[in-house]
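Okay, structure first, notes after.
Every read-out reported here was derived from the displayed coordinates using simple, explicitly stated rules and does not represent laboratory data. What you see is a predicted model, and the numbers here were worked out from it, not measured in a lab. Positions of Cβ are generated from backbone atoms using ideal geometry, with glycine treated the same way; all protein chains shown enter the neighbour counts.
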Amino acid sequence: MTPTGLPMDMTTTAKRRVLVSGASISGPALAYWLHRSGFAVTVVETAGALRDGGYPIDVRGTATEVARRMGILPQLQDTHIDLRRCTFLNADGSEVVSLTPSAVAGGAEGHDLEVRRGDLAAILYAMVRDDVEFLFGDSIDTLDQSGQGVDVTFRSGQRRTFDLVVGADGMHSHTRESLFGPEARFHHYLGYCFAIFTMPNTFGLSREVMMWNTPGKAAALYAAGDNDNDEVHAFLTFHQPQPPFDALRNPDAQRDLVATTFAGAGWEVPGMVNAIRDADDLFFDTAGQIRMPHWSNGRVALVGDAAYAPSFLTGQGSSLALVGAYMLANALATNRDHTAAFAAYERDVREFVAMNQALVDNGAATLFPTTARALEQRNTMLRDLVTMPSTTARPAHSALALPEFAGHRRGSRDRATTGGPCRRRGLRGPGPSGRR
Ligand SMILES: Cc1cc2nc3c(=O)[nH]c(=O)nc-3n(C[C@H](O)[C@H](O)[C@H](O)COP(=O)(O)OP(=O)(O)OC[C@H]3O[C@@H](n4cnc5c(N)ncnc54)[C@H](O)[C@@H]3O)c2cc1C
């Protein structure tokens with residue numbers, strides 16, 4: 001260490017250049033920590049601008065601590081959705097039970113947060129946009145590691161060389177495919193498809209979730225705001241033995257598949273199926289996990305869903321993305337040698353990922369039963385929750401003890417100490433809402 005307390009290489013060598021592919025959750029979070037460690041960071045995002053939309057997401061356990069260290073906890077608390085009620089419905093729309101979110105537990109009371117995905121993405125982007133180069137509307141075409149760095153050709157035709165490249169480009173990562181091979185090798189389908197979109201809140205819902213189920217099908221309306229005229233997040237999920245590969249990249253085919261699957265359904269489902277036709281923010285995907293034996297290849301590594309998507313059934317996608325970004329940046333700040341850094345990242349994060357991915361085997365899908373018997377059992381369990389105390393947070397959410405961050409640059413402001421105290425909020429659980 002130097003007398004300034006900085007690792008020696010940071011004071012004596014040129015900035016290392018890192019290209020991050022993807023500007024959603026893991027990409028900007030990684031960019032923040034890498035910039036803070038003295039890297040020159042470029043983020044390339046295929047969309048023309050930061051992408052809004054998606055269902056509200058949870059930030060829990062270890063990820064809450066990452067948010068605190070970034071200094072964004074107060075903003076997340078301000079955008080936290082304080083749900084009042086979760087109501088479960090039968091096939092005909094009659095009520096099974098109405099619960100406080102705290103009864104449908106799985107989070108740490110007063111600690112975990114639930115925010116709109118777009119709000120989290122915007123908060124992360126705002127943290128780095130002045131310090132990091134963003135290339136919107138472009139993407140990596142080819143990667144060549146044969147030289148001293150990674151020679152990148154972009155779809156725009158631009159060519160540049162970086163010391164390192166990180167794929168933060170989601171479950172269907174192009175970076176992963178070009179380095180490790182087809183997605184089918186790593187994607188473990190969990191038997192569900194889901195469609196998420198917004199529609200007008202003509203239901204008078206306010207800070208609540210209504211969830212309708214029949215065996216193998218669920219529909220939810222999630223009103224995140226107070227305003228009756230606001231939008232609601234609509235969510236339709238269904239059991240499908242094989243993934244509908246043809247529909248995955250074709251929004252019209254997705255709409256048709258949803259319409260066919262939910263034909264004849266009760267409650268507000270026909271209106272939801274109609275609304276999906278007008279939705280300009282449809283997000284359709286399979287519930288699946290990415291499981292890989294390694295998360296790096298040479299000078300290229302993966303982070304977030306690209307490396308270890310846990311599926312919406314766990315509610316942990318964004319939390320793993322935030323924690324993974326922190327740990328990867330910390331490993332790179334600690335180890336000048338990228339091979340050692342990537343090995344450390346994998347060694348330190350893999351068990352945390354495995355525990356969170358294992359939540360799907362430990363009941364994370366019980367809100368979406370596929371048989372009449374399982375649905376009745378679930379309803380009985382939900383009714384029992386009315387009188388039972390709230391369950392406690394799942395150990396997997398907090399299973400990783402974050403190391404102190406190694407990469408503080410001279411003069412960098414410790415946002416964690418300026419972020420204000422952690423205000424306590426209501427319990428956030430996995431919820432009946434099919435959120436990640
Ligand atoms: C608009 C949107 C809505 C979402 N809604 C939901 C939801 O409702 N439920 C759910 O379970 N999960 C949803 N997700 C996924 C969720 O955000 C992730 O599970 C989690 O937050 C991990 O984030 P990530 O940054 O690793 O990956 P993601 O959030 O998937 O982000 C990947 C980013 O990479 C970009 N990208 C993709 N390909 C390329 C490429 N070739 N080059 C450059 N950039 C590329 C994407 O546009 C995106 O911005 C959504 C993601 C997006 C982008």
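Would you work out which of LEU143, THR380, MET327 lies farthest towards the positive end of the dipole of the chain, given +1 charges on the beta-carbon of Lys and Arg and -1 on that of Asp and Glu, about the Cα centre?
MET327
Tell me the label-point distance for the pair ALA399, ASP144, using the 7 Å Cα-to-Cβ offset, in nm and rounded to one decimal.
In this crude label model, ALA399 to ASP144 measures out at 4.2 nm.
Of GLN158, VAL232, ALA343, whose Cα points farthest to the positive end of the dipole of region 8-418 (charges on the beta-carbon: +1 Lys, Arg; -1 Asp, Glu; origin at the Cα centre)?
Checked the options; the winner is ALA343.
At 222 nm, what helix-only mean residue ellipticity would the chain give, in deg cm²/dmol to the nearest 500, using -39500 (n - 2.57) for each DSSP H run of four or more? Could the numbers behind the result be given before it?
On the way: 14 runs with 136 residues, N = 436.
Roughly -9000 deg cm²/dmol at 222 nm, from the helical runs in the chain.
Quick one: work out the % antiparallel among DSSP beta bridges in the chain, nearest 5.
70 percent
Compute, for the chain, the length of the dipole vector about the Cα centre, with Cβ point charges of +1 (Lys, Arg) and -1 (Asp, Glu) only. Units Debye, rounded to 20.
Details: 42 positive and 47 negative charges, 221 e Å.
Value, rounded to 20: 1060 debye.
In what sequence, highest mean first, do 257-264, 151-158 appear when ranked by Cβ atoms within 10 angstrom?
Highest mean packing first, the order is 257-264, 151-158.
So for each of 60-68, 200-208 I average, over its residues, the number of other beta carbons within 10 Å; can you give me the resulting order with the highest mean first? Show your work: numbers first, answer last.
Numbers: 60-68: 24.6, 200-208: 15.2.
Ranking, from highest mean packing down: 60-68, 200-208.
Tell me, what is the percent relative contact order of the chain, built from C-alpha pairs under 8 Å that lie six or more residues apart?
Over the chain, the number comes to 27 percent.
Which of the listed residues, ALA184, PHE197, GLY48, is farthest toward the dipole's positive end in region 8-418, when Lys, Arg count +1 and Asp, Glu count -1 at the beta-carbon?
ALA184
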